[in-house]
Structures are given as structure tokens and as C-alpha cells.
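Read the structure below first, then the notes.
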Amino acid sequence: MLNLLILTWNPDIWNMDWVQESQRMIQGSSGSGTWSVGNRRGGIVPGDRLLLLRQARDRGIIASGTATSTVYEDPHWDDQRDDTAWYVDVNWEKHVGIEDRLTIKKLQEIAPDTHWHPAASGTKVCESDASRVWQVWLSHHDDVG
């Protein structure tokens, strides 16, 4: 059974330069990192597969990786806040440009049981959809990458 989870990135909330970030991934300097998992406090173990879903605009899957930790608490990623957030360590392995994303429309067609409009990171892809979504993502990445 494939444990596949959705991590989210909303460019309207966190202004990350995706072109620069993906270049770092290619060079190997940021293949590993951390990502917030919203309110999820568990259910992720090393080896689980993770998809990065761009939110707000130009929505779709733009990267994938493997969890290298369980969920843990640390200071919040938004330095304007003084509370904590929940994270997982990720080894990012595949990515595409935003223009080459695997679109929400396609994801809804191939995986109708999964909620593709999550409010935050850490949503699990339905077990009935997980293998199909993963295979479509790998094929999509190979076609555009």
C-alpha cells in the first residue's frame, strides 16, 4: 500500500521563487528540506511519498519527494507568529515548472475520491487513488521533465 500525502504551497501567502528553488533541486543543494504539514500530528513515516500542490492560482502538482522523518513540532514558518507548526523532513526528488504542472482538472479526473482543494498541507490521497495518482505523476514528470 502506497501512503501518499499532499503538501501545499500557496504563493499568495509564501512568496517562494519556484524557478530558483527548482534550480537548487537540480543542483542538489536543496533536495532535502522541511515542509509544514498543517494540523497533521502523525501518520507520516520515513519512506512515505509526498506531492507538492501549488494552490491559489496555476494549481497543480509541481514536485514530489519522500518523507525522511515523522511529523514534529518546531517554531512556525511565518516569523511574524510566535507559535509553532508541524513539519516533516522531505527529500525532494522530482519537480516541474509551474507551466508544466499536473493540473487539478487532470487530478480530479484520475482520482475523484481525493479532496484536491485542501485548506492546508498534510492531506492524504485516498488509498483507492494513491497508486494511480503516483503513476500518473511519474509519467507526467517524465513527459515534461
* Asked: Given the conditions (1) surrounded by 13 or more Cβ atoms within 10 Å (Cβ to Cβ); (2) modelled with pLDDT of 90 or more; (3) not in a strand (DSSP E or B), which single one is not true for residue 86?
  -> (3)
* To do: Please verify whether the range 32-55 includes one or more residues that are more than 15 Å from residue 4 (Cβ to Cβ) and aliphatic (A, V, I, L, M).
  => no
* Structure fact -> Of the residues in the range 58-83 that are more than 17 Å from residue 122 (Cβ to Cβ) and open to solvent by 70 Å² or more (accessible area, probe 1.4 Å), the one that is nearest to the chain's Cα centre (by Cα) is 58
* **Filtered residues of the range 17-57 (kept if at pLDDT below 70, open to solvent by less than 50 Å² (accessible area, probe 1.4 Å) and part of a loop (DSSP other than H, G, I, E, B))** => 30, 31
* **Qualifying positions in the range 109-132 - assigned to a helix (DSSP H, G or I), open to solvent by less than 90 Å² (accessible area, probe 1.4 Å) and either of a type in the set (D, E, K, R) or within 28 Å of residue 13 (Cα to Cα) (or both)** => 129, 130
* Please indicate, with yes or no, whether at least one residue in the range 133-141 is open to solvent by 20 Å² or more (accessible area, probe 1.4 Å), in a strand (DSSP E or B), out of contact with any helix residue (DSSP H, G or I) (no Cβ under 6 Å at 6 or more places or on another chain) and in contact (Cβ under 8 Å) with a residue 24 or more places away in the chain. => no
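One line per residue, one yes/no per condition, for (1) of a type in the set (A, V, I, L, M); (2) on the phi > 0 side of the Ramachandran plot; (3) in contact (Cβ under 8 Å) with a residue 60 or more places away in the chain:
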position	(1), (2), (3)
44	yes, no, yes
56	yes, yes, no
61	yes, no, yes
64	no, no, yes
72	no, no, no
82	no, no, no
85	yes, no, no
89	no, no, no
* **Search result, residues across the range 89-108 that are surrounded by 17 or more Cβ atoms within 10 Å (Cβ to Cβ) and either among the β-branched types (Val, Ile, Thr) or part of a loop (DSSP other than H, G, I, E, B) (or both)** => 90, 96, 101, 104
* To do: Just give me the residues in the range 118-145 being closer than 21 Å to residue 100 by Cα and among the basic types (Lys, Arg), in sequence order.
  => 132
* To do: Scan the range 52-104 for residues that are within 18 Å of residue 8 (Cβ to Cβ) and of a type in the set (Ser, Thr, Tyr) and jot them down.
  => 64, 66, 87, 103
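Let's see how each residue does on (1) modelled with pLDDT of 95 or more; (2) touching a strand residue (DSSP E or B) at 6+ places or on another chain (Cβ under 9 Å):
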residue	(1), (2)
93	no, yes
97	no, yes
100	no, yes
103	yes, yes
107	yes, yes
113	no, no
133	yes, yes
145	no, yes
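The values are calculated or read from the model by the stated rules, or taken from the named source; none is laboratory data. Here the structure is a predicted model, which is why all the values come from computation and not from measurement. We place every Cβ from the backbone using ideal geometry, glycine too, and count neighbours over all the protein chains shown. Just so you know, the surface numbers come from the protein's heavy atoms only, side chains and all, with ligands and any DNA or RNA stripped out. Shrake-Rupley method; radii C 1.70, N 1.55, O 1.52, S 1.80 Å.
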